[in-house]
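Novice: For reference, the structure I am asking about is given below.
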Amino acid sequence: MDVSIRLSAQPGALVDQLLPLPEVPSACLGFDALLACRLARARINLNRLERDTGSRDHSALAAARVEFALAARALADDLIARGLHSGRDGD
């Protein structure tokens, strides 16, 4: 079987093929960008404070943990409101 000859006959055949869309619920495709940015900023701030062991400010660290939890909850609430949870484990 001469596979190399058949593949070299069409060098660009595979390059221009579109990949199939992943199986992602439609609710994930349009989640609120502001909520996602809030969550990302909260996580970055929490990471920074957790790494800063030299001048650990426990009240700032606690506040960052609370903000991260609130941001995650807000994003989850938005996804639930869009119907992401429906049809899974009886939620």
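The values are calculated or read from the model by the stated rules, or taken from the named source; none is laboratory data. Remember, predicted model here, so these are calculated numbers, not experimental data. Backbone-built Cβ (ideal geometry, glycine too); neighbour counts: all protein chains shown.
Novice: Would you call residue 7 of a type outside the set (Asp, Glu), at pLDDT below 55 and either assigned to a helix (DSSP H, G or I) or touching a strand residue (DSSP E or B) at 6+ places or on another chain (Cβ under 6 Å) (or both)?
Specialist: For residue 7, the condition - of a type outside the set (Asp, Glu), at pLDDT below 55 and either assigned to a helix (DSSP H, G or I) or touching a strand residue (DSSP E or B) at 6+ places or on another chain (Cβ under 6 Å) (or both) - is met.
Novice: Still on this structure: Among the small types (Gly, Ala, Ser) and modelled with pLDDT of 90 or more - does that describe any residue in the stretch 74-87?
Specialist: yes
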